[in-house]
Amino acid sequence: MIDRLSRAVFHTLAGSHTLKRVASRYGMRRPRSFARRFIAGETIDEAIAAARAIEAAGMTQTLDYLGESVGSIASADQATRAYLSLIERIANAGIGRNLSLKLTQLGLTIDRATCVDNLRRILDAATVHEFFVRIDMENSPFTEVTLDVFETIWQQAYRNAGVVLQSYLPRSASDAERMNALGARVRLVKGAYKEPKPVAYQDKRQVDAAFVEIMRVLLAGGNYPAIATHDPAMIAATRAFAAARNIGPDRFEFQMLYGVRRDLQAALTREGFRMRVYVPFGREWFPYFMRRLGERPANVGFVIRSLARER
Ligand SMILES: Cc1cc2nc3c(=O)[nH]c(=O)nc-3n(C[C@H](O)[C@H](O)[C@H](O)COP(=O)(O)OP(=O)(O)OC[C@H]3O[C@@H](n4cnc5c(N)ncnc54)[C@H](O)[C@@H]3O)c2cc1C
C-alpha cells in the first residue's frame, strides 16, 4: 500500500516544473549534492570516470545517457547523435562496451519509423565497435511497441541488442517465453512506473512471485539473462535455482543501479557472481531520479539533508 502510494506521489511530483527547476539547480552542483548519489554526473567524462571505478572493483557497467519522451524529431536526432559520440568515446576510453537506452528518447512517441531508424544508426555503430545495447522498458503504453521494434531489428539480424521485462506486468511471463524462443537476451526487473490495476500487479507479493517465476524461465531456457534487482529475497531465489539446476555463474549476471546497495554489489562480486552496474548520466536526470525516490521514500531524508547543506 505504502509502496503504491509513494510511487503515485513521486509520479505526480515528477511532473512539477518548479520542483524540476529547484532540483536541477541544486541536485548536481557540488560533489556531494543529492542527485549524485544516483546519477554519475552530467558529462561523458564523469560517466567514464564512474565506469572505471566500477570496473576497478571487479564489476562491469552499462552507461545510460539519460533522456526520455522527447518532444520533437530534432531532439530524437540529438539523442541519437549523443549515443553515437558516446560509442566513440567509450571505445577510445577502453572501458566495457555496453549501453542502455530508451525508445521514447529516440522519438517513439513522435514517429515509430524515425525511432527505428535512429535505433539502427546506433546499432550499426555499436556493431562496428562490438557494443551490446539494452533497450530499457518504459511504462505500459510502450510495452508491446518496444517488443515489436526489438523483434523488427532482430529479424534484420541485429544480435547486439536485448530487452527488459517487468515482473509487475502479468503479460511478462509469456513475453519471457517469446524472447526465449528468439534467443534474445532479457533483463528482468520488477518495474519502476506507476501502472493502473488492470495492467499491473499492485501487490508486492505478486510482483515478487512473478519475478521468481520469470527468473526461472529465463535461467532455464534463456540467453544469458540479467537478473536486475536489489532485493535479497530475489537474489537468494536466483542463487538457489541456479545451484539446483547446475547453472554456472557465467551463464547469467546480476545487475544493480548506480548508488543502490553498493554493499550487496561488492558482496556478490566477492562471491564470484557477475555484477553489472547501471550508470546513468546526463542533464535530463530528473524523471530517473524521481523514480528512485519513489522506490524508497527514505531516500527523501538524504535529499533534505543535502539541500540543507546547500543553502
Ligand atoms: C540494472 C537495472 C535496470 C533497470 N531497468 C529498468 C527498466 O528498463 N524498466 C523499468 O521499469 N525498471 C527498471 N529498473 C528498476 C526496477 O524496475 C525497480 O524499480 C528497482 O530495481 C527496484 O526494485 P528491486 O528489484 O530492487 O526491489 P524492491 O522490492 O523495490 O527493493 C528491494 C530493496 O532494494 C533496495 N532498493 C531498491 N530501490 C532502491 C532505491 N531506489 N534506493 C535505495 N534502495 C533501494 C532497498 O533496500 C529495498 O528494500 C532497473 C533496475 C536495475 C537494477
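The single condition from (1) touching a Leu at 6+ places or on another chain (Cβ under 7 Å); (2) exposed (fewer than 14 other Cβ atoms within 10 Å of the Cβ) that A220 fails is (1). Regarding G282, is this residue farther than 30 Å from K20 by Cα and more than 13 Å from the ligand (Cβ to nearest atom)? No; evaluated as a whole, the condition is false for this residue.
Mind counting the residues in the stretch 225-257 that are exposed (fewer than 14 other Cβ atoms within 10 Å of the Cβ) and assigned to a loop (DSSP other than H, G, I, E, B)? Working first, answer last.
Going residue by residue through the stretch 225-257, those that are exposed (fewer than 14 other Cβ atoms within 10 Å of the Cβ) are 232-233, 236, 240, 243-246, 248, 250.
Now drop any that are not assigned to a loop (DSSP other than H, G, I, E, B), which leaves 245-246, 248, 250.
Residues flagged as exposed (fewer than 14 other Cβ atoms within 10 Å of the Cβ) and assigned to a loop (DSSP other than H, G, I, E, B) within the stretch 225-257 amount to 4.
Of all the numbered requirements in (1) within 29 Å of R262 (Cβ to Cβ); (2) aromatic (F, W, Y); (3) within 21 Å of the chain's Cα centre (by Cα), W154 misses one, and that requirement is (1).
Under 9 Å by Cβ, and 6 or more places apart or on different chains, what pairs join a residue from the stretch 176-188 that is under 21 Å from F131 (Cβ atoms) and part of a helix (DSSP H, G or I) with one that is open to solvent by 20 Å² or more (accessible area, probe 1.4 Å) and within 15 Å of the ligand (Cβ to nearest atom)? Pairs found: M179/R185. When L63, L86, L19 are checked against the criterion of being buried (at least 16 other Cβ atoms within 10 Å of the Cβ) and more than 16 Å from the ligand (Cβ to nearest atom), L86 stands alone in meeting it. Scanning the stretch 125-140 for residues that are surrounded by fewer than 23 Cβ atoms within 10 Å (Cβ to Cβ), within 16 Å of the ligand (Cβ to nearest atom) and either assigned to a loop (DSSP other than H, G, I, E, B) or more than 18 Å from the chain's Cα centre (by Cα) (or both) yields D136, E138, N139.
Right, K194: of a type outside the set (D, E), at pLDDT below 95 and open to solvent by 10 Å² or more (accessible area, probe 1.4 Å) or not? Break it down stepwise before answering.
On the way: of a type outside the set (D, E): yes; at pLDDT below 95: yes; open to solvent by 10 Å² or more (accessible area, probe 1.4 Å): yes.
In short, yes.
Pairing each residue of the stretch 200-220 that is without any contact (Cβ under 8 Å) to a residue 60 or more places away in the chain and within 11 Å of the ligand (Cβ to nearest atom) with any residue that is open to solvent by 50 Å² or more (accessible area, probe 1.4 Å) and not in a helix (DSSP H, G or I), provided the two are 6+ apart or on different chains, yields C-beta distances under 6 Å for V207/Y201. Name the pairs: first residue in the stretch 96-118 and under 19 Å from S85 (Cβ atoms) and part of a helix (DSSP H, G or I), second residue open to solvent by less than 20 Å² (accessible area, probe 1.4 Å) and modelled with pLDDT under 95, Cβ to Cβ under 8 Å, at least 6 apart or on different chains? Note: pairs meeting the criteria are Q105/G67. Has the stretch 269-286 got at least one residue that is closer than 18 Å to G162 by Cβ, part of a loop (DSSP other than H, G, I, E, B), at pLDDT 95 or above and open to solvent by 10 Å² or more (accessible area, probe 1.4 Å)? Yes, there is a match, as at least one residue in the stretch 269-286 is closer than 18 Å to G162 by Cβ, part of a loop (DSSP other than H, G, I, E, B), at pLDDT 95 or above and open to solvent by 10 Å² or more (accessible area, probe 1.4 Å).
The values are calculated or read from the model by the stated rules, or taken from the named source; none is laboratory data. None of these values were measured; they are calculated from a predicted model. With ideal geometry, Cβ positions are generated from the backbone for all residues, glycine too; neighbour counts draw on all protein chains shown. Calculation scope for accessible area: heavy atoms of the full protein, side chains included, ligands and nucleic acids excluded. Shrake-Rupley method; radii C 1.70, N 1.55, O 1.52, S 1.80 Å.
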